[in-house]
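Structure first, commentary second.
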Amino acid sequence: MRIATWNVERLKHRQSLSDILLACEQAKADILVLTETDEHVRPSSFRYCFQTPKLVEIAPGYYKSTEIRVSIFTSYNCVRCHSTYDKYTALCVELETELGSLCVYGTIIGIEGNRRPSFKKDLQKQIRDFARLTADGKHLCIAGDYNISFSDNYYFTNFGRDALIQSFADNRVRLLTEKSPECIDHIAVSQDFVKEMPVSLEEWNSEKRLSDHKGIVVTILPG
């Protein structure tokens, strides 16, 4: 199973849309979570697309009419959609995969970065979502823009890093991208889902030509 995430920077590099779409396809993901995205970024190899509402609904004039914060692409069947603390910023779909049911929570933690007071409030509300979703034993995948690096001093706050690490420990979630350098986009999956299966990691857009974020994909290999 391959799970990928990428922040496409509000499609700032619109002239490179074909290259952005090609990069999404070349990730060969079974689940692809895009953040700061746009309805024009719609790779064709997936059967299903789930997305947050258009941002023009809440801030006309600031956002383009096609901008959205999160989209999830997959060919897995969706069992149900789960509510989140903010329908414009976080999206959760429960998918039936070959490894079992998995709730995919696509998100941006802190839409204004990690230095504003709103970051703490946003993160605390999302942490409550994580606890609620795992309370009845559901397997959870949290993928998207965390606005936190974990392996270096690239971009983080102590509060954000510590709060997420504690939440993952409380909910038995494993941060698969923890050791990726200069990376604030991450994928974390319930330990009971990953078990002891080998996990590998790949990145793209490392030169940040198509977006100011790297794309990242993890591969979970069943034994």
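What follows is calculated from the coordinates using simple rules that are stated; it is not laboratory data. Source: prediction; values computed, not measured. Backbone-built Cβ (ideal geometry, glycine too); neighbour counts: all protein chains shown.
Observations on the structure shown:
- Subset of the stretch 17-31 [touching a residue at least 12 places away in the same chain (Cβ under 8 Å), surrounded by fewer than 16 Cβ atoms within 10 Å (Cβ to Cβ) and not hydrophobic (A, V, I, L, M, F, W, C)]: Asp19, Glu25, Gln26, Lys28
- Note on the stretch 2-31: among residues that are in a strand (DSSP E or B) and touching a helix residue (DSSP H, G or I) at 6+ places or on another chain (Cβ under 9 Å), the one that is farthest from Val217 (Cα to Cα) is Trp6.
- Going through (1) touching a Lys or Arg at 6+ places or on another chain (Cβ under 9 Å); (2) of a type outside the set (D, E, K, R); (3) surrounded by fewer than 22 Cβ atoms within 10 Å (Cβ to Cβ); (4) within 25 Å of Phe46 (Cβ to Cβ) one by one, Ala163 falls short only on (4).
- Total residues in the stretch 171-206 satisfying the condition of being in contact (Cβ under 8 Å) with a residue 24 or more places away in the chain, more than 23 Å from Leu21 (Cα to Cα), surrounded by fewer than 21 Cβ atoms within 10 Å (Cβ to Cβ) and touching a helix residue (DSSP H, G or I) at 6+ places or on another chain (Cβ under 8 Å): the figure is 3.
- Taking strands (runs of 3 or more DSSP E) as the structural unit, no element lying wholly within the stretch 34-120 holds at least 3 residues that are without any contact (Cβ under 8 Å) to a residue 24 or more places away in the chain, within 19 Å of Ile216 (Cβ to Cβ) and acidic (Asp, Glu).
- Residue match in the stretch 207-221 (condition: free of Cβ contacts under 8 Å to residues at least 24 places away in the same chain and surrounded by fewer than 20 Cβ atoms within 10 Å (Cβ to Cβ)): yes
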